[in-house]
Amino acid sequence: PPAPQEAGARLYPLHALSVANIPNSSRSKTSARSSTIPAPEGLQSRRCKLLEEDSPMVQAGKRQRQRYVTKVGKCQVNLGNIQDKKRFLSDIFTTIVDLKYRWFLFVFMMCYVVTWVVFGFIYFFDAWVRGDVGHQGDPEWRACIENVDGFVSALLLSVESQRTIGYGTRMVTANCAEGVILLIAQSIVGSMIDAMMVGCMFVKISRPKKRAQTLIFSKNCVISHRDEKLCLMFRVGDLRESHMVDAKIRAKLIKSRQTAEGEFIPLEQSELNLGYDTGEDRLFLVEPQIICHVINRHSPFWDMSAESLRREQFEIIIILEGIVEATGNRCLAAGMTCQARTSYTEDEILWGYRFEPCMSLEKGAFQVDYSRFEMTFEVQTPAASAKELHELKELEQHEHSTLSLYWDHLLQPC
């Protein structure tokens, strides 16, 4: 029998490698490290399982399920070894907005707490240097900062000054210039922090990222004939009554390949035409719509049959973009672009199926039944590729034209 590596290479040739066939460096490092450390007898069965998982055939089966984009639209790409991280600080506003909510709230609170503590320490240091701390209750003493007898009272003065609370017991007097300058500086810094953090909070809340969760895609793609053409189809829908403005859809094919010069291109992206030249990619997404990709000479599925589809490894990325519809009171997300994504792998494409209708007319209005959104039914579809069907059709036309010419020649008089 052939070696496992040869069998794996025969089943998964280099030109058909997909997303999952990129080597995993962490797995290789772990396996190399574990081979140098002796394992106890109690872990013998565990080690056997690890060895079985590290075999090429099992790895190929597991890698087949690795996605570039998940079904919910999350990109499975992690960025690492970024050397120039100063670029994130130069765009600090976007960096703060992109933080997760727990880190965003932490930064939000720390901006205020740090400034309160820093200015409270400066107030306390100024009062201590001028002797205001030791002359509390002395009516003849001209204090720079009144009623500050410790760090806690100075911290309260800092909070009251920056938040403009003003209880009236602690205050900065006109007996010292540095106190007035310090109060002006804290007012300016507090206004800047308010403007930045409130702006970040407004943008983070008003981002239409959650709007994409109400844009749904069908679980599977189908391939069948439409208007005597072999087409790849999927269904999209909007669960909200507020519609997307200027909705556009596009598709990318992610597939690794090897060039004629021997160069390996991982995760190569190619465009799938969804009606860009005819304007069919612009959707009026009021009811669920079936998006169609015609498999023609320019399609990457031109020479792919039902049998070869099972051996291929690729991923189709669907990107739906649109502007959130502005309501009468101009909601926060008005005019912002929303993007929803999903993906389909080769095992999620059904050959010879169509989607069932999910819209009916009831009581003078069209009713959409989303329980039938995922339903498909089988239709008679040839298992041959679009290229083979096109060649067969041309051959039939040629034979028909030849036969008609032959009969016309026989019917002519001598």
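Of the accessible area of region 193-266, with the probe set at 1.4 angstrom, what percent is carbon plus sulfur? The computed percentage sits at 52. Sorting 107, 222, 114 by solvent-accessible area of protein heavy atoms yields 114, 107, 222, largest first, with a 1.4 Å probe. Ranked by the mean number of other Cβ atoms within 10 Å of their residues, highest first, the peptides 164-175, 85-96, 241-252 fall in the order 241-252, 164-175, 85-96.
In order along region 383-399, phi translates into HN-Hα couplings of 7, 7, 6, 5, 5, 5, 5, 5, 5, 5, 5, 5, 5, 5, 5, 5, 5 Hz, rounded to whole numbers, per the Karplus curve 6.51 cos²θ - 1.76 cosθ + 1.60 with θ = phi - 60° and x for Gly and Pro. Here residue 141 sits with roughly 90 square angstrom of accessible surface, probe radius 1.4 Å.
Plainly put, region 75-202 has a radius of gyration that is 1.15 times its Kirkwood radius, both from alpha-carbon atoms, as the Rg/Rh ratio. Evaluated at q = 0.15 Å⁻¹, the base-10 log of the normalised Debye intensity for region 211-390, with identical point scatterers placed on the Cα atoms, takes the values -0.94. Each peptide in 269-275, 231-237 gets a packing score, the mean of other Cβ atoms within 10 Å over its residues, and the list from highest to lowest is 231-237, 269-275.
Averaged over residues, the count of other Cβ atoms within 10 Å places the peptides 72-83, 127-138 in the sequence 127-138, 72-83, highest first. Amide H contacts under 5 Å for residue 244: 285, restricted to partners 5 or more places along the chain or on a different chain, H placed in the peptide plane at 1.01 Å from N. Under 5 Å from the amide H of residue 230 lie the amide H atoms of 295, each residue being 5 or more positions distant or on a separate chain, with H modelled from the backbone and absent for Pro and chain starts.
Note that region 191-206 has calculated 3J(HN,Hα) couplings of 5, 5, 5, 4, 5, 6, 6, 5, x, 5, 5, 4, 5, 5, 6, 7 Hz, one per residue in order, obtained from phi through the Karplus relation 6.51 cos²θ - 1.76 cosθ + 1.60 (θ = phi - 60°); glycine and proline are x. Residue 291 sits with roughly 10 Å² accessible to a 1.4 Å probe, with DNA, RNA and ligands left out of the calculation. Pairs of Cα atoms in region 201-308 fall into 10 Å distance bins, from 0 up to the last occupied one, in shares of 11, 34, 30, 18, 6, 1 percent. For region 161-243, the percent of C-alpha pairs falling in each 10 Å distance bin, counted from 0 to the bin holding the largest distance, reads 13, 20, 16, 13, 11, 10, 8, 6, 3, 0.
Taking every alpha-carbon pair under 8 Å whose residues sit at least 6 apart, region 95-206 reaches a relative contact order of 27 percent. Relative contact order (percent) for region 139-263, with alpha-carbon contacts under 8 angstrom and 6 or more residues of separation? Relative contact order, region 139-263: 15 percent. Proximity of backbone amide H atoms, modeled 1.01 Å from N, is registered between residue 219 and no other residue at under 5 Å, excluding neighbours fewer than 5 places apart on the same chain.
The values are calculated or read from the model by the stated rules, or taken from the named source; none is laboratory data. The structure displayed is predicted, hence computed values, not measured ones. All Cβ positions, glycine included, derive from the backbone under ideal geometry; neighbour counts span all protein chains shown. Just so you know, the surface numbers come from the protein's heavy atoms only, side chains and all, with ligands and any DNA or RNA stripped out. Shrake-Rupley method; radii C 1.70, N 1.55, O 1.52, S 1.80 Å.
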